[in-house]
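The values are calculated or read from the model by the stated rules, or taken from the named source; none is laboratory data. Remember, it's a predicted structure, so these values are computed and weren't measured experimentally. Counting neighbours? That spans all protein chains shown, and the Cβs are built from the backbone with ideal geometry, glycine included.
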Amino acid sequence: MSGALMVLGLLYGHSESSDAETKAKAYAMAEKYMNRFISENGSVVCRELLGYDLSKPDEREKIMEKNLFRTLCPEMIRSAVRILDEVLEE
């Protein structure tokens, strides 16, 4: 998710603070990406995607027990890359 936003920033970001048009386009691209990811996956927050809070040791243990880092996380990465590709093609 954050990697996709970095790609959009590199492609559409602005380097001059007075360039409002380029800045608006970059924000619009990022918003389109985020909205599509949320629409397809329900959230952009890891805690919500995983169903557990990584900052809590007992919940992190459940994530490990359920192997979510190897099952769910790769699916979210695939989704993020696919959505980025679609947004860039439009």
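The residue that is surrounded by the most Cβ atoms within 10 Å (Cβ to Cβ), among those in segment 18-57 that are among the acidic types (D, E) and either farther than 22 Å from G3 by Cβ or touching a residue at least 12 places away in the same chain (Cβ under 8 Å) (or both), is D53. Apart from one condition, M64 fits all of (1) free of Cβ contacts under 8 Å to residues at least 24 places away in the same chain; (2) under 16 Å from the mean Cα position of the chain (by Cα); (3) loosely packed, with under 14 Cβ neighbours inside 10 Å; the exception is (2). Any residue at all in segment 41-60 that's β-branched (V, I, T), outside any helix (DSSP H, G or I) and modelled with pLDDT of 95 or more? Yes, the conditions are met somewhere in segment 41-60. Among the residues of segment 8-17, the one identified as in contact (Cβ under 8 Å) with a residue 40 or more places away in the chain and surrounded by fewer than 16 Cβ atoms within 10 Å (Cβ to Cβ) is L11. For beta carbons closer than 8 Å, sequence separation of 6+ or different chains, a first residue in segment 70-90 that is touching a residue at least 12 places away in the same chain (Cβ under 8 Å) and under 18 Å from G9 (Cβ atoms) and a second that is surrounded by 13 or more Cβ atoms within 10 Å (Cβ to Cβ) and of a type in the set (F, W, Y), the qualifying pairs are A80/F37; I83/Y33; I83/F37; L84/Y33; V87/Y33.
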